[in-house]
Each structure stands twice: as structure tokens, then as C-alpha cells.
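Beneath this line is the structure, given in C-alpha cells, with notes to follow.
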Amino acid sequence: MKVYDAASIRNVALVGHGGCGKTQLVSAMLFAAGAVNRLGRVDDGSTVTDFDEEAIARKHTLAASLAHAEWQGTKLNIIDTPGVGNFLTDARSALRVVEGAIVVVDAVAGVEVQTEKLWSEAAALTLPRVVVANRLDRDRASVERTLESLQRDCAREIVPIQLPIGEGKDWTGVVDLVRMKALTFAGDDSGKVTEADVPGAMADRAAQAREQLIEMVAEADESLMEAYFSEGTLTQEQLVAGLWAATVAGRLFPLVCASGLRVIGIQPLLDALVSYVPSPAERDFPTVDKDGTDTTVKASDSAPYMAVAWKTIADPFAGRITMLRAVSGTIKSDSTVHNLTRDSSERLGHLMALQGKTPTHVPELKAGDLGAVAKLKDTHTNDVLAEKTAGVTFREIKFPEPVLAYAIEPKSRGDEDKISTSMQRLREEDPSIGYSRDPQTHELLLAGQGQLHIEVTVAKLKRRFGVEVNLKPPRIPYRETITAATEAHGRHKKQTGGHGQFGDCKIRVEPLPRGADFQFENDIFGGSIPRQYVPAIEKGIQDARQHGFLAGYPMVDFKATVFDGSFHPVDSNELSFKMAGRLAFKDAMARARPTILEPVMHVEVYAPSDFAGDLMGDLNSRRGRIAGMDTRGTATVIRAQVPMAEMLTYEQHLTSATGGRGSYHMEYSHYEEVPHAQQAKIIAAAKAAHGQEVVEEAE
Ligand SMILES: Nc1nc2c(ncn2[C@@H]2O[C@H](COP(=O)(O)OP(=O)(O)OP(=O)(O)O)[C@@H](O)[C@H]2O)c(=O)[nH]1
Ligand SMILES: [Mg+2]
């Protein structure tokens, strides 16, 4: 395969709401550019970028996936990304290593939740953006309405550079407003394109739309503005150069029309990418220096090598596959490089270009290119390969904390070790998964961004690593606390033959504000207990509080003060005072009016406004408090605080209630007291699960 230099490379990531047609669009782009000779289809699992079995089965992209094509002598590196909320992490990562985002919008639904989120992500990176009104072949599709929603929810500076010829079922092609040509496409999904003059019936509308485009280009640049005022228009050269400059600067965002399924509008989209997305030579790569200040690096072949590992794939056969962005210099196959992040050396095998899962060996990756390499020993996502003397590095991609945890158990005993090594590998691929052992129940916990994320992880464990696990119902991390201050007494005394045991303490407990956890104070005057035993009392209380009082959950947000007690010159020892501390804790709980706390989530639900009433009713029935509501075009955003326990089944509910058009996001907000009716159930469930609490050994 040819090696391309920075000026003849374009790196783009397709981002957009789940199901807007990104994967199908990539498939059509590869087909139209001749990189593949059959049009892959999402619906029959034959696309290049959804190669993962799980992605095929679910018809959703689950991880960033790389493809490439040559168009007009330029290498297009195309990253397909997930659009489903649980998996957006990879879309964010992809945006970090490209010079342009292709923001794909379904031309029936318009801007949707994730569209908006990803738009802001791209905006925060000041990334040039080309916008696609996609799936335009569908009934009720409309470029005009799509543009309205884009201009309202994303940016006013989104400007059509095409006018559709027909729409929906009658859509046949586009008028190119820059070249003023009509492009029509064969109706047989072959992508065959015919160029002709603008049809007479559309001439006026096309002229008007071009005028609007010229106006917006002029507005984006002061010197063009002057030319526009003095001449009343822009020359063709001024239009082309002005549109390029404004797009590269992120001041204008060209909008094009497409259907990935019908292969309509694809060649003009490829043209637009080559024309309006800057090459790596034209946009310096964002880096950060040792003080954390933002800097950039030029894509120069002659500079020292630097490459960023932005994504890792855990392949059970090929081992670790590391996706690289070459930033500057040249990295060569079969060479040794330095891992700057870990200060270690790394041996590179064959460098590869990836067409989905299919690798092609390349001798080198020049500055600006995207590629991959297998079996690196100790290079992980976010690591930088560069010479020791490199003054700059890559600002880490931040991965979100898990929001939901399920307990898992291996189907066959003895698989526990295998689970943990496999989980370690999967976490390399997807750091937004959490894996740990519950300190209280010792169960294995698998945590993620939502139920779907966890299910997919379990499926990957099975398919890739042959480990089958059962998902237990998720456990809510309840806490306990007290609501009244009280004094209590703990006395541990035992006479067993020779040496006895004696510890005796009096404590005061009082509630603390939420989030304060636990405090301990020594308030003993006059030596009723020798100093050295006080830490043992604290230890006893600490141990006891871990197991709570009502339902076995940790007791938090209270203070214990030891203020009196007694001791025995011979029989007292640390263990006895530890026991006394535990007993005092138990005694205190009998009067401190303990209660149960539950985590409350901050939830944002997005759905078409027609569903708003029903969704709010449902959130109310989940003990939710509605905190606010906004409308965004035809969609509504509902913000609410809802106990985590009530949200476990939300994903399924929302999907079925909105026919898959709703989505939501939630994060932990705070702990709150559980209403008494629910407390009884929690206590009963805890008793059933753990049996009766072990009765403390008492006097
Ligand atoms: N009518 C029509 N359907 C399309 C078009 N593009 C995609 N689809 C269908 O829309 C569905 C979703 O397409 P995908 O390409 O998987 O969408 P995506 O944006 O990759 O979705 P995620 O990977 O979940 O983010 C599939 O059933 C496609 O067949 C199109 O241009 N026209
Ligand atoms: Mg996809």
C-alpha cells in the first residue's frame, strides 16, 4: 500500500446519534470510492466497520472502527464511531485524533440528544465540521427542517452547499451550489452519478440558495465582506477560498445531503471532505507541554517521531491491537521506539492500515496518518510514543466513571481467575468499564455506563474469552445512618480460667451532615480508660459500623465520642476494648433511630415532546422529583432526581415507551433517606440474603 504524506491525508470521524446511519454511510463511502467492490449493509451485517459480532447482532456500532479509501489522490482515514449513549466514549476519543468531524443527522428526526452532545464535544475542540443530512431517501425526510433544527440546536453557521433534487422517495440527487451543477444518481444503489446543468424548474431556488451561501461566506471574513459590499457578490475563486477558510477555522459548517443505503450524494460528500476538511499539514495537532499548557505540533516528516495510542482493542487471537495517530516524524515497521509515558522501550512489529478488521501492512506511518500495530508489550491507550527529549505530550482522553454496577458470578466454578484476566483485557479496550470486588459481600462487581454496556461486556467475555457469567440483579449501595443523638455503654467481660478479659466504655453518638462519613473523638478526662486502649475502641466501632445495624449496610454520617469507661489492671487489653467499642455501637443503635439511605441519581431524559407527559408520569411513579423541563425543537429534555433503585429498569422502559426514540443519561447525585415503606422491604431482603445477623458475643 502507498504511503501518503500529511498534505494528501484527511482524517475524519463520523459522529451522531445512534441509528442516524453512520456505519451505512461509511460503507457507501468506501464503495463509491472503490475501496470495496460490494456495498456492505448494516441490515445484513456486511459492513466494513461493524465487523464485531456483537455490533452486527445489535445493529449498533459499539467501538471506534477505522477504514480508509483513496479519493482524488488523497487518503481518507475514516473513523466510524458509536452513537448510542452507553458507548459514546469512543466517539469522543476519535474526535481527538482527526482534523474534521462529519456530523451525521437523520433527515427525518433532525438533531437528537447525542447529536447535540457530540456537536459540543467537537466545538470544544474547535474541530472543523461537515454536516450530513442523512437517510434523505426516507418518507418525511426534509433538508429544510433538518437545517432548521441544526441551526437552532447546534450552530447558526451551518450552511447548505447543496440543494436536494426531490426529497423522500422522489429524491434523486443534488444541485451543487458551489459549482452550480446538478448531480443525479442511478436508482439501483450503484452510486452511478450523472452531471448536468441545473434543471430549469430549480434555477431560481438554486440561485437564491447560492446567494445565501455567498452571503454567509462573506460574513465569515472581513475582507470578503468588503468585496461583497462593493461588488454585490463574490467571485467563484473568492467563494471557494472563503468557504474553505471559514470551514477550516470553524466559522462555517457546510451541509450536504446523503443516503448511505441508496448510495446517493456520496461522491459529493467525499469531494467535500477533500475540499473542506484540513489536511494534517494544515491543522497542527493539539498537545500539552510539561506545565499542562496547550500547545500544538506540526505534522512534519522530518521532525522527531511522535505517535499517540488513542484506542486499544483486546483481540483474543491477535492480542492487543493499538490504534495509532502519527503526529510528527515517521514511525517505521519493525523498529524500536520509546514509550514516553512509561519511559520504556517498545518494539513495533508490522504497522497496519485497517479496513475494519482487515489489516494491510504498511512500511511506515508518516506524520498525520492513522494506523495500527499489534502485540505491543506495554503501550496503552493515552500513551505517547516519542523520543525521550520530546517536550510535549498528549492530553489524556478522560473516561467516564461507571454509573451502574451488577454482581456477576462465573457459570462454572473456578473461572474466577479467568474472569479477572479477561476483564483486565477488556478494560484496556474500554476503560469506562469498572471491575472490582464488593468489600462487604465479596461478590464480583461489573460496572458500566448503563445496562446495555454491561450486557455487551458480558457478551464479549463469553465470545472472546469463553467465560460465561451470570448477571445477578444489580445491588444498590445503600447506607445506614442515625437520626438521633444518644449515649451508650459497652462492657466486655469474660472470665475463662486464667487470664480474663475486661473492657468498658461509654460513648456518645450524634448525626453528622450527609457526606461527612464517620468521625471519632476521645473525650476522656481523668484516665478512666488508659490512653493506649482508646484506638482499640475506635477500631471496634469502625468494624461494627461497616456492618450497619438495620440491613447490613455501612453506617455513615455520624460521630462517636468516647467519654468514660473503666478498666481492669490485669484483665484489660486491646481486644477487650475493641469488643467494648462494638458493644457500645450496638447499644447506641437501639436508641439512635437508625435509618437507611439510598443513592439518588441526577437523570436527564431526552425524547420527542409527544412523550413528555407520559415520561414525567413514569418518573413520578419511580419516586422521582422533576427538577425542570426544556424543549429543544421537537424534543423535550426532562431533568429529575430519582432513586437509583427505581432506575434499574429504566432503559427498557424508555426504549419501549418511545419506540427507541428516547435516551437518557444519569449520574450519581447524593444520598437520601429511604421512605419507611421501602425500608421494610430492604431490611427483609437483607435478612433473606444474609440470614439473621450474627449475634455478637456478649457478656
Ligand atoms: N432508508 C435508509 N435507511 C438507512 C440509511 N442509512 C442507514 N439506514 C438504516 O438505518 C439503520 C441504522 O444505520 P447505521 O448505519 O447502523 O446507523 P449508525 O449511525 O451507525 O448507528 P450507531 O452505530 O448505533 O451509532 C440501519 O437499519 C440502516 O439500514 C439510509 O440512507 N436510508
Ligand atoms: Mg454505526
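The values are calculated or read from the model by the stated rules, or taken from the named source; none is laboratory data. As the structure is a prediction and not an experimental result, all values here were calculated from the model. Glycine gets a Cβ as well: all are built from the backbone with ideal geometry, and neighbour counts include every protein chain shown. These accessible areas exclude ligands, DNA and RNA; they are computed on the full protein's heavy atoms, side chains included. Shrake-Rupley method; radii C 1.70, N 1.55, O 1.52, S 1.80 Å.
Yes/no matrix, rows are residues, columns are (1) under 30 Å from A220 (Cβ atoms); (2) at pLDDT below 95; (3) among the charged types (D, E, K, R); (4) touching a His at 6+ places or on another chain (Cβ under 8 Å):
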{"residue": "L147", "(1), (2), (3), (4)": "yes, no, no, no"}
{"residue": "Q151", "(1), (2), (3), (4)": "yes, no, no, no"}
{"residue": "E157", "(1), (2), (3), (4)": "yes, no, yes, no"}
{"residue": "Q162", "(1), (2), (3), (4)": "yes, no, no, no"}
{"residue": "V178", "(1), (2), (3), (4)": "yes, no, no, no"}
{"residue": "L183", "(1), (2), (3), (4)": "yes, no, no, no"}
{"residue": "K192", "(1), (2), (3), (4)": "no, no, yes, no"}
{"residue": "D197", "(1), (2), (3), (4)": "yes, no, yes, no"}
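Please indicate, with yes or no, whether at least one residue in the range 308-316 is in contact with a helix residue (DSSP H, G or I) (Cβ under 9 Å, 6 or more places away or on another chain), of a type outside the set (S, T, N, Q), outside any strand (DSSP E or B) and open to solvent by 20 Å² or more (accessible area, probe 1.4 Å).
yes
Results for (1) open to solvent by 50 Å² or more (accessible area, probe 1.4 Å); (2) of a type in the set (G, A, S), shown as yes or no for each residue.
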site	(1), (2)
A607	no, yes
F611	yes, no
L619	no, no
V642	no, no
A657	no, yes
M666	no, no
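Restricting attention to the range 200-220, does a residue exist that is farther than 30 Å from R395 by Cα and part of a loop (DSSP other than H, G, I, E, B)? Yes, the conditions are met somewhere in the range 200-220. One residue stands out in the range 545-566 among those that are among the hydroxyl-bearing types (S, T, Y) and surrounded by fewer than 18 Cβ atoms within 10 Å (Cβ to Cβ): the one that is nearest to A680 (Cα to Cα), namely T561. Tallying residues that are more than 23 Å from Q24 (Cα to Cα) and among the basic types (K, R) within the range 119-160 yields 2.
Across the range 46-68, what is the number of residues that are assigned to a loop (DSSP other than H, G, I, E, B), within 12 Å of ligand 2 (Cβ to nearest atom) and either surrounded by fewer than 17 Cβ atoms within 10 Å (Cβ to Cβ) or not acidic (D, E) (or both)? Reasoning before the result, please.
Of the residues in the range 46-68, the ones assigned to a loop (DSSP other than H, G, I, E, B) are 46-52, 59-64.
Now narrow it down to the ones that are within 12 Å of ligand 2 (Cβ to nearest atom): 47-52, 59-64.
Still in the running and either surrounded by fewer than 17 Cβ atoms within 10 Å (Cβ to Cβ) or not acidic (D, E) (or both): 47-49, 51, 59-64.
Residues in the range 46-68 being assigned to a loop (DSSP other than H, G, I, E, B), within 12 Å of ligand 2 (Cβ to nearest atom) and either surrounded by fewer than 17 Cβ atoms within 10 Å (Cβ to Cβ) or not acidic (D, E) (or both): 10 in total.
When D301, D315, D291, D271 are screened for being free of Cβ contacts under 8 Å to residues at least 12 places away in the same chain and not hydrophobic (A, V, I, L, M, F, W, C), only D291 passes.
Whether any residue in the range 681-689 is touching a helix residue (DSSP H, G or I) at 6+ places or on another chain (Cβ under 7 Å), open to solvent by less than 40 Å² (accessible area, probe 1.4 Å) and in a helix (DSSP H, G or I) is what I want to check. The answer is no; no qualifying residue exists. Could you tell me whether the range 7-14 includes any residue that is at pLDDT 95 or above and within 11 Å of ligand 2 (Cβ to nearest atom)? Yes, some residue in the range 7-14 is at pLDDT 95 or above and within 11 Å of ligand 2 (Cβ to nearest atom). In the range 530-542, the residues that are over 19 Å from F558 (Cβ atoms) form Cβ pairs under 7 Å with partners that are assigned to a helix (DSSP H, G or I), at six or more places apart or across chains, as follows: Y533/E574; Y533/F577; A536/E574; A536/F577; A536/K578; A536/G581.
Each row is one residue, and each column tells you yes or no for (1) in contact (Cβ under 8 Å) with a residue 24 or more places away in the chain; (2) of a type in the set (F, W, Y); (3) surrounded by 24 or more Cβ atoms within 10 Å (Cβ to Cβ).
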residue	(1), (2), (3)
A124	no, no, no
N134	yes, no, yes
R140	yes, no, no
R145	yes, no, no
Q151	no, no, no
C154	yes, no, no
I165	yes, no, no
A182	no, no, no
S190	yes, no, no
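Do we find a residue being among the acidic types (D, E) and either open to solvent by 10 Å² or more (accessible area, probe 1.4 Å) or over 18 Å from the mean Cα position of the chain (by Cα) (or both) anywhere in the range 84-95?
Yes, the range 84-95 has at least one match.
Out of all the residues in the range 30-39, is one or more within 13 Å of ligand 2 (Cβ to nearest atom) and of a type in the set (V, I, T)? No - not one qualifying residue is present in the range 30-39.
Selection of the range 99-109 for residues being at pLDDT 95 or above and either open to solvent by 10 Å² or more (accessible area, probe 1.4 Å) or within 13 Å of ligand 2 (Cβ to nearest atom) (or both) yields I102, V104, D106. For the range 73-81, the condition holds for no residue, the condition being that it is free of Cβ contacts under 8 Å to residues at least 60 places away in the same chain and more than 13 Å from ligand 2 (Cβ to nearest atom). Is it true that some residue in the range 657-669 is outside any helix (DSSP H, G or I), over 23 Å from the mean Cα position of the chain (by Cα) and closer than 14 Å to V113 by Cα? No, the range 657-669 has no match at all.
If you scan the range 332-356, which residues turn out to be farther than 23 Å from K290 by Cα and in a strand (DSSP E or B)?
Within the range 332-356, the first condition is being farther than 23 Å from K290 by Cα, and the residues that meet it are 332-336, 347-356.
Once the filter is applied, which keeps residues that are farther than 23 Å from K290 by Cα and in a strand (DSSP E or B), the range 332-356 yields K332, T336, R347, L351, M352, A353, L354, Q355.
Just one of the numbered conditions (1) part of a strand (DSSP E or B); (2) touching a Cys at 6+ places or on another chain (Cβ under 8 Å) is not true of A584: (1). Apart from one condition, L348 fits all of (1) within 24 Å of V456 (Cα to Cα); (2) open to solvent by less than 10 Å² (accessible area, probe 1.4 Å); the exception is (1).
Name every residue in the range 504-544 that is part of a loop (DSSP other than H, G, I, E, B), within 24 Å of P569 (Cα to Cα) and either open to solvent by 70 Å² or more (accessible area, probe 1.4 Å) or not hydroxyl-bearing (S, T, Y) (or both), in order of residue number.
Within the range 504-544, D523, I524, F525, G526, G527, I529, P530 qualify.
Residue pairs whose Cβ atoms lie under 7 Å apart, separated by 6 or more positions or on different chains, with the first residue in the range 645-669 and within 21 Å of A627 (Cα to Cα) and of a type in the set (G, A, S) and the second open to solvent by less than 40 Å² (accessible area, probe 1.4 Å) and in a loop (DSSP other than H, G, I, E, B), are A645/I476.
Look at (1) in a loop (DSSP other than H, G, I, E, B); (2) out of contact with any Gly (no Cβ under 7 Å at 6 or more places or on another chain); (3) within 10 Å of ligand 1 (Cβ to nearest atom) and you find that G83 fails only one, number (2).
A quick yes/no check of all residues on (1) within 16 Å of ligand 1 (Cβ to nearest atom); (2) under 24 Å from G173 (Cα atoms); (3) under 36 Å from the mean Cα position of the chain (by Cα); (4) open to solvent by less than 10 Å² (accessible area, probe 1.4 Å):
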residue	(1), (2), (3), (4)
T194	no, yes, no, no
Q212	no, yes, no, no
R251	no, no, yes, no
I266	yes, yes, yes, yes
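Residues that are open to solvent by less than 50 Å² (accessible area, probe 1.4 Å) and modelled with pLDDT under 95 within the range 567-583 comprise D571, S572, listed in sequence order. For the range 1-45, filtered to residues that are β-branched (V, I, T) and within 13 Å of ligand 1 (Cβ to nearest atom), the residue that is surrounded by the most Cβ atoms within 10 Å (Cβ to Cβ) is V15.
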